[in-house]
Amino acid sequence: MTDTQTIDFDIDRYLRNSKKLDLSRLPWAEIPNHPLADGDLMCMHYMMDIETHTVIYLRDLLATRAAHDPQATAFLACWVYEELWHGEAFSAFLRAYGIEVPAEPKLPDGSTPLPTRPRRTAQLREQLGVGHRLALIPSLLGSAVMRDFIALHMTWGAINELSTLTGYYQLIRRSEHPVLHQMLRRVIQDERRHFAFYRAQAKARLAGNRRAQRLVRWALRRLWTPVGAGVKSDEEVDALVLYLFADAPEGRQAIRELDATIEDIPGLRGLGLMQGVLDRALERARRKPGWAGMAPMPAPAPDPAAPRAAREGAAARPTAAGPRRAANGDRPGLAGSEQTTIEPIA
Ligand SMILES: [Fe+2]
Ligand SMILES: [Fe+2]
């Protein structure tokens, strides 16, 4: 990035206002009085784990030239703090609802010491193994060799933040829990600011820089995976995507808007990243009955008014059920039988 490029983000204002997510006025006592669907619980466990994992993503960012940029490092310091409290918000909500897996020791006054669920978090990180730790090396080398490499991380961050907040909006749409709606709307406010930073950085670093645009486009096409992939299994990622986006036209529309917003960043036109994720998840569910909690159903009748390719696609499409109950909320399709039949939209 040259000195003449400006970042369209008020970092001073962000730093002054950054704070722990305020949930003090959330009606916590009301939480157990409203049911959560199995799919809601699955999503909340996924979101809790990935929000908590953000500090590990920070490691990769600090291995790049981002570490030389005082504005970027100041943002990252506050960003990772805010993300910690997002993870704790999901953890506290699930506990208030009556779910705490594994059970954690309590302080004498009955409260849960912070950080909550340390055994779950430690286990999640340990099971990633050496390969995950070595994943730092491409960032280290890429950043050392290519000046534009940081543009990739900033663009990647923008996609992650926007897909996260889009997922939270979809969980609001899918869940009927009024207190969860309140909590998610507050988290979304933070995610919007995070997205604004990464998008502004990506735009500034890619505008007028064809070399950086080619690098970022190439890397996103070949290497990009949705938030949580690599930490969660492929089936868990698909289960989340299908639950949030495949049940109704609103889900597919949200994905289109997400892609369109990302493709406004210079050099990214026509990538269709998230639509590709949804299409591939639907395809895996069609090929493997029961995959990601999707139950096989008779194929829907093709729409005679639709183009031929769409008709053939519709006939081959799976019909979905909601994810099955999972004891710890994050292994769909492995236990239980409560299912809500829904039509996937492609
Ligand atoms: Fe977050
Ligand atoms: Fe965020």
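Just so it is clear, none of the values below were taken in a lab; they were calculated from the coordinates. Fair warning: this is a prediction, and the values are worked out from it, not measured in the lab. As a convention, Cβ positions derive from the backbone with ideal geometry for all residues, glycine included, and neighbour counts pool all protein chains shown.
Structure notes:
- Rounded to the nearest whole Hz, the Karplus-based 3J(HN,Hα) values (6.51 cos²θ - 1.76 cosθ + 1.60, θ = phi - 60°) of region 238-251 follow the sequence 4, 4, 5, 4, 5, 5, 7, 10, 9, 8, 7, x, 4, x, with x at glycine and proline.
- As a proxy for reagent exposure, 291, 28, 79 were ordered by neighbouring Cβ count within 10 angstrom, fewest first; the result is 28, 291, 79.
- Label-point separation, residue 80 to residue 58 (7 Å along Cα→Cβ), nm: 0.4
- Backbone amide hydrogens, once placed in the peptide plane, bring residue 37 within less than 5 Å of 176, excluding anything fewer than 5 places away on its chain.
- J(HN,Hα) series, region 42-59, from Karplus relation 6.51 cos²θ - 1.76 cosθ + 1.60, nearest Hz, glycine and proline x: 4, 4, 5, 5, 4, 5, 4, 5, 6, 4, 5, 7, 4, 4, 6, 5, 4, 3
- Using the Cβ-Cβ distance between residue 73 and residue 122 with R0 set to 22 Å, the FRET efficiency works out to roughly 0.25.
- The GluC sites (Glu not before Pro) of region 203-282 that DSSP puts in a loop, and whose beta carbon has at most 16 other beta carbons within 10 Å, are 263.
- Rounded to whole Hz, the Karplus (6.51, -1.76, 1.60) HN-Hα couplings of region 267-272, x for glycine and proline: x, 10, 4, x, 5, x
- For residue 104, residues with placed amide H under 5 Å, excluding near neighbours: none
- Debye intensity ratio in log₁₀ form over the Cα atoms of region 11-294, taken at each q of 0.07, 0.08 Å⁻¹: -0.26, -0.34
- Amide H within-cut-off set for residue 232, under 5 Å, with H built and near neighbours excluded: none
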